[in-house]
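Trainee: This is the structure I want to talk about, given as structure tokens.
The values are calculated or read from the model by the stated rules, or taken from the named source; none is laboratory data. None of the values given here were measured: they were computed from a predicted structure. Cβ placement follows ideal geometry from the backbone for every residue including glycine, while neighbour counts extend to all protein chains displayed. All accessible areas refer to the heavy atoms of the entire protein, side chains included, with ligands and DNA or RNA removed. Shrake-Rupley method; radii C 1.70, N 1.55, O 1.52, S 1.80 Å.
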Amino acid sequence: MAVDVARPGFSTTTEALCLRQWRLGPGQPTLVTDQFGTERFNLIVDDRADVHVGSKDGRFYLGWFPTGRPGTDGEGWRLAVTGTANIPGYQVSFGMETPAEVVAAAVACVLATSRPV
């Protein structure tokens with residue numbers, strides 16, 4: 001096997017790479033927060049201008065931290081659902097630069113799974 005040292009690495013074309021443009025940057029947080037009505041959720045803006053949304057039953061929480069959640073490394077969003085005695089809950093976090101459209105889609109998916117008991 002001969003090695004061509006004049007051409008290090010590999011070669012390809014941009015067509016073969018299937019280059020795409022991706023949504024980047026935080027976007028508009030209202031795409032997320034506008035999903036919550038006051039009849040089922042409480043919304044609080046604290047002294048740091050962080051936004052906290054909680055369900056009236058206390059089992060759903062969403063926090064938006066525009067300058068980063070204190071004590072974390074760049075966490076911008078925190079979504080949590082409390083479990084039951086038999087089934088554990090879960091939490092998801094997104095970085096400060098995660099597009100609001102991505103967070104909004106995750107929140108919409110979680111909200112769609114809830115139902116009255």
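Trainee: Being of a type in the set (Asp, Glu) and surrounded by 10 or more Cβ atoms within 10 Å (Cβ to Cβ) is the filter here; which residues of the stretch 6-36 pass it?
Mentor: Asp34
Trainee: Tell me, please, whether a residue that is touching a residue at least 40 places away in the same chain (Cβ under 8 Å) and in contact with a strand residue (DSSP E or B) (Cβ under 9 Å, 6 or more places away or on another chain) can be found in the stretch 41-52.
Mentor: No; the residues of the stretch 41-52 include none that is touching a residue at least 40 places away in the same chain (Cβ under 8 Å) and in contact with a strand residue (DSSP E or B) (Cβ under 9 Å, 6 or more places away or on another chain).
Trainee: Hey, does the stretch 88-101 have a residue that's open to solvent by less than 20 Å² (accessible area, probe 1.4 Å) and closer than 30 Å to Trp22 by Cβ?
Mentor: Within the stretch 88-101, the subset open to solvent by less than 20 Å² (accessible area, probe 1.4 Å) is 99-100.
Checking which are closer than 30 Å to Trp22 by Cβ leaves us with 99-100.
Checked against the condition, which is being open to solvent by less than 20 Å² (accessible area, probe 1.4 Å) and closer than 30 Å to Trp22 by Cβ, the stretch 88-101 yields at least one hit.
Trainee: Please work out if Arg115 is farther than 24 Å from Arg23 by Cβ and either in contact with a Leu (Cβ under 7 Å, 6 or more places away or on another chain) or basic (Lys, Arg) (or both). Before the answer, list the steps.
Mentor: Working: farther than 24 Å from Arg23 by Cβ: yes; either in contact with a Leu (Cβ under 7 Å, 6 or more places away or on another chain) or basic (Lys, Arg) (or both): yes.
Yes.
Trainee: Scan the stretch 57-66 and give yes if some residue there is more than 18 Å from Ala105 (Cβ to Cβ), open to solvent by 40 Å² or more (accessible area, probe 1.4 Å), in contact (Cβ under 8 Å) with a residue 24 or more places away in the chain and under 15 Å from the mean Cα position of the chain (by Cα), otherwise no.
Mentor: Scanning the stretch 57-66 turns up at least one residue that is more than 18 Å from Ala105 (Cβ to Cβ), open to solvent by 40 Å² or more (accessible area, probe 1.4 Å), in contact (Cβ under 8 Å) with a residue 24 or more places away in the chain and under 15 Å from the mean Cα position of the chain (by Cα).
Trainee: Can you say whether Gly71 is open to solvent by 30 Å² or more (accessible area, probe 1.4 Å) and touching a residue at least 24 places away in the same chain (Cβ under 8 Å), as far as the supplied structure shows? Break it down into steps so the answer makes sense when it comes.
Mentor: Working: open to solvent by 30 Å² or more (accessible area, probe 1.4 Å): yes; touching a residue at least 24 places away in the same chain (Cβ under 8 Å): no.
No.
Trainee: Pro116: of a type outside the set (Phe, Trp, Tyr), farther than 17 Å from Gly37 by Cα, part of a loop (DSSP other than H, G, I, E, B) and open to solvent by 80 Å² or more (accessible area, probe 1.4 Å), yes or no?
Mentor: In short, no.
Trainee: Continuing with this model, one more query. Is it the case that Ala108 is within 21 Å of Ser55 (Cα to Cα) and surrounded by 15 or more Cβ atoms within 10 Å (Cβ to Cβ)?
Mentor: On the way: within 21 Å of Ser55 (Cα to Cα): yes; surrounded by 15 or more Cβ atoms within 10 Å (Cβ to Cβ): no.
No: the conditions fail for Ala108.
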